[in-house]
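**Q** Here's a structure for you.
The values are calculated or read from the model by the stated rules, or taken from the named source; none is laboratory data. Since we're looking at a predicted model, the values are computed, not measured. Here the Cβ is made from the backbone with ideal geometry for all residues, glycine too, and neighbour counts use every protein chain on show.
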C-alpha cells in the first residue's frame, strides 16, 4: 500500500472580484514509503496549496487524501492536527522559526505537538545537521543556511513518515542551496521518511530521479498568485 494516495483532489478559491478559480485538480497521485520525489512548477500553479492540502492545513472541496492508511480529508480538525504532528514533517521556504526560542527550543516545541519533547533526540538531530555547538543560539544569531538546518531538524523531530518541503532552498545562495538539499535528502533517508519536495529550480530538480510536473498532473492550469 502506498504511503500517500490522492484521488480526485480539487480545491478552489474565490478571487477579490468574486470569481471562483480552481487551483488544484489532481485526478490521482501516489507516493511509496521512503520515496524521494520532486514536484516542479512555476509560481502561481498551486504548489504550496497542494502541499497544504496533503498536510491537512487546507481542506479540499472534493477528493480523497490517504496518508499512512488514514483518510486526511475526512478527519476533524483535532484529528488532522494529531496526524500532522505524528506523521508529517514540513520544511518551509521561510523556515518559520520562532525568534524568541533557541535552536533547541524550536525543535523541542515541534515535538510537543506530537509524542512529546525528547531532549536527547532533539540534540542528536541538531548535531546531525551540524549545529551541535549552536543549541542555545537564537535564529537571529544564525546564518540563513544555519536557520534552514534548524528547520530540517524540527521537521524530522517526531520521526515522520513523510516530509514535505516547500521551495526549501529558495532563500539560500548557491553553495548553501546544494548543501541544504543534500542534508534534507540524507536526513530523510536516515530517518526512513519519504520526501516530497517542490521547486522551480532546475538544478534542484536535476538531483532527483523522479520529478513530477505539477502542470501535467494538475488539470487546473490557471494560476492564482494570491493563494499559492
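**Q** Considering only region 205-214, I want to know if a residue exists there that is touching a helix residue (DSSP H, G or I) at 6+ places or on another chain (Cβ under 7 Å), modelled with pLDDT under 85 and not in a strand (DSSP E or B). Outline the logic, then answer.
**A** First, the residues of region 205-214 that are touching a helix residue (DSSP H, G or I) at 6+ places or on another chain (Cβ under 7 Å): 207, 211, 214.
Within this subset, residues satisfying the condition of being modelled with pLDDT under 85 are none.
So far as region 205-214 goes, no, none of its residues is touching a helix residue (DSSP H, G or I) at 6+ places or on another chain (Cβ under 7 Å), modelled with pLDDT under 85 and not in a strand (DSSP E or B).
**Q** Output the residues belonging to region 50-81 that are over 15 Å from residue 200 (Cα atoms), under 16 Å from the mean Cα position of the chain (by Cα) and not in a loop (DSSP other than H, G, I, E, B).
**A** Once the filter is applied, which keeps residues that are over 15 Å from residue 200 (Cα atoms), under 16 Å from the mean Cα position of the chain (by Cα) and not in a loop (DSSP other than H, G, I, E, B), region 50-81 yields 52, 53, 54, 55, 65, 67, 72, 80, 81.
**Q** May I pose another question? Against the conditions (1) in a loop (DSSP other than H, G, I, E, B); (2) touching a strand residue (DSSP E or B) at 6+ places or on another chain (Cβ under 8 Å); (3) more than 18 Å from residue 211 (Cβ to Cβ), where does residue 34 fall short? Just the number, please.
**A** (3)
**Q** Next question, about the same structure. Of these, 163, 198, which one is more than 24 Å from residue 113 (Cα to Cα), buried (at least 17 other Cβ atoms within 10 Å of the Cβ) and in contact with a helix residue (DSSP H, G or I) (Cβ under 6 Å, 6 or more places away or on another chain)?
**A** None of the other options fit; the residue is 198.
**Q** Return yes or no: is residue 5 surrounded by fewer than 22 Cβ atoms within 10 Å (Cβ to Cβ) and either touching a helix residue (DSSP H, G or I) at 6+ places or on another chain (Cβ under 9 Å) or part of a loop (DSSP other than H, G, I, E, B) (or both)?
**A** Values: surrounded by fewer than 22 Cβ atoms within 10 Å (Cβ to Cβ): yes; either touching a helix residue (DSSP H, G or I) at 6+ places or on another chain (Cβ under 9 Å) or part of a loop (DSSP other than H, G, I, E, B) (or both): no.
Judged against the criteria, residue 5 is not a match.
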